[in-house]
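Taking it in order: structure first as structure tokens, then the write-up.
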Amino acid sequence: MLRLAARLSLGGALACASAPVEVDAPRDLQGFRTWEWRQPADPPAIAPADPVLDARLRDAIGRELYARGFRPSTDEHADLGVTYRVALKREVVVRTETPAQQDLQGLHAGTPSYEIVASQRRLVRYERFALHVELRESATGDVVWRADLADRTRGRLAATADEAVAALLRELPPRRERI
């Protein structure tokens, strides 16, 4: 959890669109076929406060795992245990924008022209987040793949959860079926 908190505090310099994903060196995942949700090894002190965000992140992680060839377990013996953690920090930024500008010419030659500038102050809401996903071998509890993403999104993370999870799990190697 300390690693996740440090990532969140260092995430201040990251741009909105292209945050780097940090991935531990993965093991060979070809022997794993099924997965199930597990509790993190070091669970957070409080449960996620936003059930909508929790549902969207779980759904997005499940879709990305499925797209890479991993299937949800239908019994109690999954090959992989999947956990995720997210840390959020909400911030509001005051932006002064100048959407309109107009030039008024003087009525007589040689008189100065006037410039009318309208500026607006807007409050822009951001959520700075750190997302951590781990895949652990169910039999041993060893981490087989882990990745971190720290970024900032305009609005709520729940609205862009799919993109954040896709960026994070893009580094997960796909599972190839053996013939």
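The values are calculated or read from the model by the stated rules, or taken from the named source; none is laboratory data. Since this is a predicted model, take the numbers as computed values, not measurements. Cβ placement follows ideal geometry from the backbone for every residue including glycine, while neighbour counts extend to all protein chains displayed.
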Item to complete: Give region 70-99 a look and list any residue that's charged (D, E, K, R) and closer than 16 Å to Gly155 by Cβ, or say none.
Response: Lys89, Arg90, Glu91, Arg95
Worksheet item: (1) in a loop (DSSP other than H, G, I, E, B); (2) crowded, with 20+ Cβ neighbours inside 10 Å: which one isn't true of Ala161, the others all being true?
Response: (1)
Item to complete: Find the residue count for region 149-177, including only residues that are charged (D, E, K, R) and either within 17 Å of Gly62 (Cα to Cα) or in contact with a Ser or Thr (Cβ under 6 Å, 6 or more places away or on another chain) (or both).
Response: 5
Discussion item. I'm trying to understand the selection: among the residues of region 77-114, which are modelled with pLDDT of 80 or more, in contact with an Asp or Glu (Cβ under 8 Å, 6 or more places away or on another chain) and among the polar types (S, T, N, Q)?
Written reply: Thr83
Response to the item:
Here the residues within region 69-102 that are assigned to a loop (DSSP other than H, G, I, E, B), surrounded by 15 or more Cβ atoms within 10 Å (Cβ to Cβ) and out of contact with any Ser or Thr (no Cβ under 8 Å at 6 or more places or on another chain) are Gly69
